[in-house]
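This report concerns only the one structure given below.
Nothing in this text is a laboratory measurement; each read-out follows from the coordinates by a stated rule. Note that the structure is predicted; figures quoted are calculated from it, not measured. Here Cβ is always computed from backbone atoms with ideal geometry, including for glycine, and neighbour counts include all displayed protein chains.
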Amino acid sequence: MAITHHSEPRLPLYALVAILLVIGVFLILHRHWMYEVPLMYGETQTIWSVEAKVEFDASGGPVKVSMARPSAQQGFTILKEAGASPGYGLNFMDGEEPRAEWSVRAADGRQELFYRAEVLVSQGGSTAEMPAPELKPVSWPEPYASAVSEILARAYSTSADNYSLTRELLKRFRDDQDDQHVQLLKTHFDAHLPELWVDMLHKARVPASVVYGLNLQDGRRRQSLTPLLRVWNGDDSQIFELPGFENESVLISADAPLLLWEQRGAPVLDVTGGRDSRIRFSMLKREESTYANIAQNLSSQHDFLNFSIHSLPVEEQAMFKTILLIPIGALVVCLLRVLIGIRTSGTFMPVLIALAFIQTSLMTGVIGFLLVVATGLFIRGYLSRLRLLLVARITAVIITVIAIISLFSVLSYKLGLTEGLKITFFPMIILSWTIERMSILWEEEGGREVMVQGGGSLLTAVLAYWAMNDPWVRHLTFNFIGVQFIVMAIVLMIGSYTGYRLLELKRFRVFGG
């Protein structure tokens, strides 16, 4: 009877686990067989979904919006283009300057227009060299004309061709901060420096134009275009990054591929009948086997079993790509806490810290975490002497954490350590609660317990980061919703474990033979 008494409550659990496993495996295999989504990471081609969101305030009359759109280029092939613009007419204008044009007879208030392109990373793409623009006559009033002539003369004397002249010119604006001519031009032209550099090169008989590029990084949202300088040397051309206009995304991934969005020096966005216009970009990378067969199937919602988020706007897809990794981190926490016996400060705080590590890189994240928590504990120790109420104390710790992160960011930037800027990705509220919990733990159980739980939290966060950042895991969680059912089944099985944890076995080693 005892055996029956203990085994019967387990039957519903085992049945639920079996159902979850069957559903998960079925959804994975169904998506693989019916929609040809590959199970294996790395045997696919890379496709970027890039979405441009145009926002502006319409004045109540006719509206016409013209936006530059990317064309095939070296390393990229445009597979598909689409737009979402309720009430607007939309036309894709081809030719020398590919553009998307929206138009409507009357519009009032805040307007949102969407353009979406599917871009294939390929070895091919357009190989035709962009023709050089015609040199235009330029002139400046004094004293700016003299400053331009002086800077160009010095750059020309230390250069050998058009490319080296461009590098010398940009280097002077980047490094010669005490040069009075450079400061005069930077103060007067300010945000129009890219156009100034183009005019200066034209004065030196060097064909050049301002182009705009987009650094493609998986899951990024609300990004802006980066102005770049395209310079011709004979029939060839080269792209130069401009000092002071580096995109913040470069701080996160310097190896991000660059998609040239506008290549001919024309305006990226031109709005007639509206004001306060701006354009932001979201992007998402996915791996697919044969795009021609998959793209239509992934976006189809007629099949109830096609649980795909590929039909969502790219900005939401990018958000879900991160959210779907959280169960993997939670599974790692369950394994380490229930089976291994590692103690952490907070149950799922390591998962949030692991998400921050994904944004910052592991080494930068670990160093930043240790600096913030150590400094926060020191300041929290002082606050405990003031005998504040809990809410006021937590608020003070939050403000302190923000101040610490701001201070470290400024110091790292001043020292030229751009990696330190990534510390802003840390969840500040979670860090504040972590510091508060560790401080109370220090007061109640001593510094040793703080080191144990703090070290356990950091170790768990690192292991969760490795699991969540693995390309195989990212591929499976994003493309197969059935993975979530399997993870749930594993968690339920772990939750039913009532035996000894691995770290508890050391208490019984005296009984070993």
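So the values come out like this:
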{"quantity": "Peptides ranked, highest mean first, by Cβ atoms within 10 Å: ranges 258-269, 441-452", "calculated": "258-269, 441-452"}
{"quantity": "Extension gain (nm, one decimal) between Leu505 and Ala18, 0.36 nm per residue minus Cα-Cα", "calculated": "172.3 nm"}
{"quantity": "Members of Lys285/Lys321; Lys64/Lys136; Lys64/Lys285; Lys171/Lys203 lying beyond 21 Å, as alpha-carbon distances in this model show", "calculated": "Lys64/Lys136; Lys64/Lys285"}
{"quantity": "Projected area, mean over directions - the stretch 322-503, Cα convex hull, nm²", "calculated": "11.8"}
{"quantity": "Full-stretch length increase - Glu443, Leu90 - with 0.36 nm per residue and alpha-carbon distance subtracted", "calculated": "120.5 nm"}
{"quantity": "Residue-wise HN-Hα coupling along the stretch 383-399, computed from phi with Karplus coefficients 6.51, -1.76, 1.60 (Hz; x: Gly, Pro)", "calculated": "5, 5, 6, 7, 6, 7, 5, 4, 5, 5, 5, 5, 4, 5, 5, 4, 4"}
{"quantity": "Set of lysines near Lys414 by C-alpha distance (under 17 Å), chain-local residues within fewer than 8 positions excluded", "calculated": "Lys422"}
{"quantity": "Trypsin sites (Lys or Arg not before Pro) lying in DSSP loop within the stretch 334-402, provided at most 14 other Cβ fall within 10 Å", "calculated": "Arg385, Arg387"}
{"quantity": "Equivalent ellipsoid dimensions for the stretch 144-268 as semi-axes, Å, which come from the Cα gyration tensor, largest first", "calculated": "26, 17, 13"}
